[in-house]
Amino acid sequence: MSLPNSTLPPDDPIRQPAADACAPTGKNIDSAAGVHPAAASSLVTLLWRAVRLRCPVCGQGKLFRGWFTMYPRCEQCHFRFERSPGYWLGSIFVNYGLTALIVTAAYFALFFTEALPPDWIMRLLLAFCLLFPLWFFRYARGIWISVDLYFDPEPATKLVSAKKAETSASSPPQV
């Protein structure tokens, strides 16, 4: 449920411009929905950002610093990637689901076409089951965070407050 713009206090972050919340966009917060416009992107845009392993909010910051190590926040818009404890459990389901789907389809295709002997099929698919999830790990996390952000957008107040906290922590104390 969102409040009309007129019922919000004048200093409420939802009414304030969000140029500092997501630097690349520089757009204002959609006050009717209470969601930053970049967080309310289309599913296709979010999935494209996931395939490129970029931040789902701004599309600029990288998700990973190494093969398996993620950044805690986007370096551009400061969006926190792990939204809650146990958040990445969903990416495990994405990874497992796609692996199982490919292995099942490949098994039936290879078995019924008799392209390979059955023992070779099992060896090939076993190797695939071990290697594919390791390679797909990063993409599964990107897809998970994008789909999650699409169906459960981050409130604009969290995006704005995260940027303000980051700015205040890095600025020197005033005397």
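The values are calculated or read from the model by the stated rules, or taken from the named source; none is laboratory data. Keep in mind that what you see is a predicted model, and the values were worked out from it rather than measured. A quick note on method: Cβ atoms are made from the backbone with ideal geometry, for glycine too, and the neighbour counts reach across all protein chains shown.
Listing for the model above:
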quantity	calculated
Filter result for residue 111 (surrounded by 11 or more Cβ atoms within 10 Å (Cβ to Cβ), more than 19 Å from residue 130 (Cα to Cα) and without any contact (Cβ under 8 Å) to a residue 24 or more places away in the chain)	yes
Condition broken by residue 98, with the remaining ones in (1) under 23 Å from the mean Cα position of the chain (by Cα); (2) modelled with pLDDT of 90 or more; (3) crowded, with 17+ Cβ neighbours inside 10 Å satisfied	(3)
Filter pass, residue 139 being farther than 30 Å from residue 41 by Cβ and either among the hydroxyl-bearing types (Ser, Thr, Tyr) or modelled with pLDDT under 90 (or both)	no
Any hit, the stretch 79-92, residues being of a type in the set (Gly, Ala, Ser), more than 30 Å from residue 54 (Cα to Cα) and in a helix (DSSP H, G or I)	no
